[in-house]
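Scroll down for the structure; my scribbles are underneath it.
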Amino acid sequence: MSDGSYVTAGDYSSYTGSATPVGIVCHVNNDGTTGLMLGLTNSYETETSIQWAPSGTTGYNTNFTTIQGLDTYGDIDGSDNWAEICASDPEGSANPAENYPVFNYALTYAQTANLTETNYKNGWYVPTIHELYHYVWLNMDTLNNSLNEVGGTQVCKTAYWSSSQHYDVNYVMYIYLYSGRDDCGDKSCLAFVCCLRAF
C-alpha cells in the first residue's frame, strides 16, 4: 500500500485505511525482508503492445552484451539493466520514448499508474526473462486474483518483453504468459510489458 503496509487480497475488501494500492507482491526473498512487487497496470492499458526498440534506432542496433539472458535461468535481476543501456548508449538513452519504448514505459510508469507517493515514483523496471518466468508466470493466477481485488489490470496471456537481450544484436527475450515458454523476437516487434519494483 502507499503507506508501506501490506494487505492480503482476502482482507482488501474490508480495508478501511486511507492508503491506496501500489503493487502486488510477486516474490519475497528467503530472509523475508525484501522482495519484488508487480505494478498494477501493464502496457495493455496504454497501448495494445509496444516495441522494445524500433528498427533504425540506436536501441535497435546496439548490442548490449551485459544484459544478455538467453533463458529463464540467465540474469536474475533487471533493476540495473536500464543503467547498463545508458552506459552503452548515452546518446540514444537520452530519448527513451523514441529509442527504447519498453524502458520508457517503466521510466514513466508512476505517471501512467497515477502514483503520487514520492516513495513509489521511481525504481520501476522491466524484468529479466528469469524474473518474468519465476515471479510472474509461476504465480500468474494468484497475481491476477490479487490484481482483480484491487482493481489492477490482469496479466494477459500473451507475449511480454523482458529486459534481457538475446545474443543476436537485434533480438530480445520474451515470454508467452499462456504457456511459460521463453523465446526471442526482433526488437521492433510488438509485445506487452509490465513493471517490477523492489521493496
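Within segment 86-140, being open to solvent by 80 Å² or more (accessible area, probe 1.4 Å), closer than 15 Å to Leu36 by Cα and among the hydrophobic types (A, V, I, L, M, F, W, C) holds for one residue alone: Leu138.
Just one of the listed residues (Tyr73, Tyr6, Tyr44) is open to solvent by 80 Å² or more (accessible area, probe 1.4 Å), touching a Cys at 6+ places or on another chain (Cβ under 8 Å), aromatic (Phe, Trp, Tyr) and part of a loop (DSSP other than H, G, I, E, B), and it is Tyr44.
Of all the residues in segment 161-179, those that are open to solvent by less than 10 Å² (accessible area, probe 1.4 Å) and either outside any strand (DSSP E or B) or not β-branched (Val, Ile, Thr) (or both) number 7. The residues of segment 113-153 that are in contact (Cβ under 8 Å) with a residue 24 or more places away in the chain, within 29 Å of Pro54 (Cα to Cα) and not in a helix (DSSP H, G or I), listed by number, are Ala113, Leu115, Gly123, Trp124, Tyr125, Val126, Pro127, Thr128, Gly152, Thr153. Across segment 31-39, not a single residue is classified as under 17 Å from Val169 (Cα atoms), charged (D, E, K, R) and either at pLDDT 95 or above or over 21 Å from the mean Cα position of the chain (by Cα) (or both).
Scanning segment 17-30 for residues being open to solvent by 40 Å² or more (accessible area, probe 1.4 Å) and under 17 Å from Asp77 (Cα atoms) gives a total of 5. The residues listed here are Gly69, Gly92, Gly59; of these, the one that is closer than 24 Å to Val28 by Cα and in contact (Cβ under 8 Å) with a residue 12 or more places away in the chain is Gly69.
Residues in segment 183-198 that are closer than 20 Å to Gln154 by Cα and in contact with a Phe, Trp or Tyr (Cβ under 7 Å, 6 or more places away or on another chain): Ala191, Phe192, Val193, Cys194, Cys195, Leu196, Arg197. Scanning segment 158-173 for residues that are closer than 15 Å to Pro101 by Cβ and in contact with a Cys (Cβ under 7 Å, 6 or more places away or on another chain) yields Tyr160, Val172.
The values are calculated or read from the model by the stated rules, or taken from the named source; none is laboratory data. Just so it is clear, the model here is predicted, and its values are computed rather than measured. Note that we place each Cβ from the backbone using ideal geometry, even for glycine, and neighbour counts take in every protein chain shown. When the accessible area is computed, the model is the full protein with side chains, heavy atoms only, and any ligands, DNA or RNA have been set aside. Shrake-Rupley method; radii C 1.70, N 1.55, O 1.52, S 1.80 Å.
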